[in-house]
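Peer 1: A single structure is presented below for examination.
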Number of protein chains: 2
Amino acid sequence: MATAAKNIQILKEVLQKEGLRFTRQRLAVWTEIGISRKHRDADDIFISIRSKGVKVSRATVYRTIDVLVKNKLVRKLDVGDGKNRFESKIDEEHHDHMICLETGNIIEFYNSRLEQLQEKIALDNGYELVRHVHQLFVRPIKK
Amino acid sequence: MATAAKNIQILKEVLQKEGLRFTRQRLAVWTEIGISRKHRDADDIFISIRSKGVKVSRATVYRTIDVLVKNKLVRKLDVGDGKNRFESKIDEEHHDHMICLETGNIIEFYNSRLEQLQEKIALDNGYELVRHVHQLFVRPIKK
DNA sequence: ATTCTTAATGAGATTGAGTCTCATCGTAAT
DNA sequence: ATTACGATGAGACTCAATCTCATTAAGAAT
């Protein structure tokens with residue numbers, strides 16, 4: 001389970017590996033993404049950190065997120081509205097997303113057969129699957 | 001098979017349905033997308049139309065594409081580089097895309113089992129699948 | 001064909017997410 | 001504590017996409 005101490009440790013290891021320094025701002029960004037509800041956009045994260053009294057800039061938020069995404073601590077999610085969303089990958093099973101066109105709700109799903117098929121399709125074409133983007137845009141079934 | 005005459009007819013029907021006028025610009029945009037190679041971005045389409053001597057603006061290109069997408073004549077494709085691509089859906093089987101991370105190549109694929117699975121996943125969650133976004137980011141297998 | 005109403009267009013301003021610059025700050029090694 | 005140099009922040013900048021509004025042109029009516 002993710003404790004604050006464990007999350008700090010994870011961040012420190014990543015920063016060390018990348019030859020980067022451990023700073024208040026980087027910790028704040030990682031904490032914000034790791035602790036809070038999912039699917040938040042960059043500005044949301046920026047505002048939230050500031051509201052907690054930590055001085056940070058948008059530039060630093062974006063720069064830090066890039067590092068976290070590169071090191072697979074965070075996942076970047078494009079829901080098609082021009083703003084990327086971010087979610088922690090720590091203690092999370094892999095999943096994709098269903099976006100409700102009526103409410104904007106984001107529902108997570110996972111299907112192993114689907115994942116296998118994706119690997120197979122890439123392989124059949126002479127490629128190795130690196131990552132995928134998979135969103136289902138849905139509408140509630142009317143009774 | 002798609003002939004120029006047939007494509008004009010399709011466009012006219014859509015415009016009529018939408019209560020919109022048939023204009024040189026709208027025809028030029030539809031022709032450009034319908035005739036040319038796939039996966040073109042808006043600016044590409046804009047430049048190409050201009051180079052053929054048809055006076056058009058970026059605003060009109062975007063406005064027309066919106067109408068075409070809304071009426072399922074054109075598909076909008078987000079390949080993750082910040083620029084949407086467009087392709088004609090006329091005389092095209094449905095397919096998804098594999099994007100090569102090394103060359104930027106876009107490969108089309110279709111798998112009926114995959115399509116069925118998506119329908120089922122939405123249904124199992126109480127939703128109706130409206131559309132989906134599905135891209136595989138891949139790397140050539142090294143020999 | 002000419003007139004007339006109103007939608008469509010174009011040039012350029014604007015938006016907004018994300019990136020970049022560079023003077024200043026702060027980490028952490030010594 | 002000093003020092004070297006990486007990190008940060010304010011705000012300029014980028015670029016795809018959208019909006020504004022004066023002008024243009026469909027296409028219906030005559």
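Peer 1: Modelled with pLDDT under 95 and within 11 Å of the chain's Cα centre (by Cα), is that true of residue B:83?
Peer 2: Details: modelled with pLDDT under 95: yes; within 11 Å of the chain's Cα centre (by Cα): no.
Answer is no for this residue.
Peer 1: Moving on to the next point. Could you go through segment B:36-51 and let me know if any residue there is in the same structural domain as residue B:14 (by TED's automatic domain parsing), assigned to a loop (DSSP other than H, G, I, E, B) and within 16 Å of DNA strand C (Cβ to nearest atom). Break it down into steps so the answer makes sense when it comes.
Peer 2: Residues of segment B:36-51 in the same structural domain as residue B:14 (by TED's automatic domain parsing): B:36-51.
Going one step further and asking which of them are assigned to a loop (DSSP other than H, G, I, E, B), we end up with B:36-39.
So of that shortlist, the ones also within 16 Å of DNA strand C (Cβ to nearest atom) come out as none.
No, that holds for no residue.
Peer 1: Here is a further query. Is one or more of the residues making up segment B:2-14 in contact (Cβ under 8 Å) with a residue 12 or more places away in the chain, near DNA strand C (Cβ under 10 Å from one of its atoms) and buried (at least 19 other Cβ atoms within 10 Å of the Cβ)? Even if it seems obvious, please write down each step before you answer.
Peer 2: So in segment B:2-14, the residues in contact (Cβ under 8 Å) with a residue 12 or more places away in the chain come out as B:2, B:4, B:7-8, B:10-11, B:14.
In the following step, the residues that additionally are near DNA strand C (Cβ under 10 Å from one of its atoms) were identified as none.
There is no residue in segment B:2-14 that is in contact (Cβ under 8 Å) with a residue 12 or more places away in the chain, near DNA strand C (Cβ under 10 Å from one of its atoms) and buried (at least 19 other Cβ atoms within 10 Å of the Cβ).
Peer 1: Which of the residues spanning segment B:67-96 are in contact with a strand residue (DSSP E or B) (Cβ under 6 Å, 6 or more places away or on another chain) and open to solvent by 70 Å² or more (accessible area, probe 1.4 Å)?
Peer 2: B:76, B:83, B:89
Peer 1: Read through the list (1) over 19 Å from residue B:99 (Cβ atoms); (2) open to solvent by 60 Å² or more (accessible area, probe 1.4 Å); (3) more than 7 Å from every other protein chain (Cβ to nearest Cβ), then give the number of the only condition that residue A:99 fails.
Peer 2: Result: residue A:99 passes all but (2).
Peer 1: Looking at residue A:88, is it in contact with a Gly (Cβ under 9 Å, 6 or more places away or on another chain), hydroxyl-bearing (Ser, Thr, Tyr) and more than 9 Å from DNA strand C (Cβ to nearest atom)? Walk me through how you get there before you give the answer.
Peer 2: Details: in contact with a Gly (Cβ under 9 Å, 6 or more places away or on another chain): yes; hydroxyl-bearing (Ser, Thr, Tyr): yes; more than 9 Å from DNA strand C (Cβ to nearest atom): yes.
Against the criterion (in contact with a Gly (Cβ under 9 Å, 6 or more places away or on another chain), hydroxyl-bearing (Ser, Thr, Tyr) and more than 9 Å from DNA strand C (Cβ to nearest atom)), residue A:88 qualifies.
Peer 1: Here are some conditions: (1) part of a helix (DSSP H, G or I); (2) near DNA strand D (Cβ under 10 Å from one of its atoms). Residue A:68 meets all but one. Which one does it not meet?
Peer 2: (2)
Peer 1: Also, I was wondering about something else. Going through segment A:106-143 one residue at a time, which ones are under 28 Å from residue A:81 (Cβ atoms), more than 7 Å from chain B (Cβ to nearest Cβ) and open to solvent by 70 Å² or more (accessible area, probe 1.4 Å)?
Peer 2: Selection gives A:110, A:142.
Peer 1: Looking at B:117, B:101 in this structure, which one is more than 11 Å from DNA strand D (Cβ to nearest atom) and at pLDDT below 95?
Peer 2: None of the others qualify; the one that does is B:101.
The values are calculated or read from the model by the stated rules, or taken from the named source; none is laboratory data. It should be emphasised that the depicted structure is a prediction, and the values quoted were computed from it without experimental measurement. Don't worry about glycine lacking a Cβ; one is built from the backbone with ideal geometry, like all the others, and counts go over all protein chains shown. The protein model used for the area step is the full one, side chains on, heavy atoms only, and it has no ligands, DNA or RNA in it. Shrake-Rupley method; radii C 1.70, N 1.55, O 1.52, S 1.80 Å.
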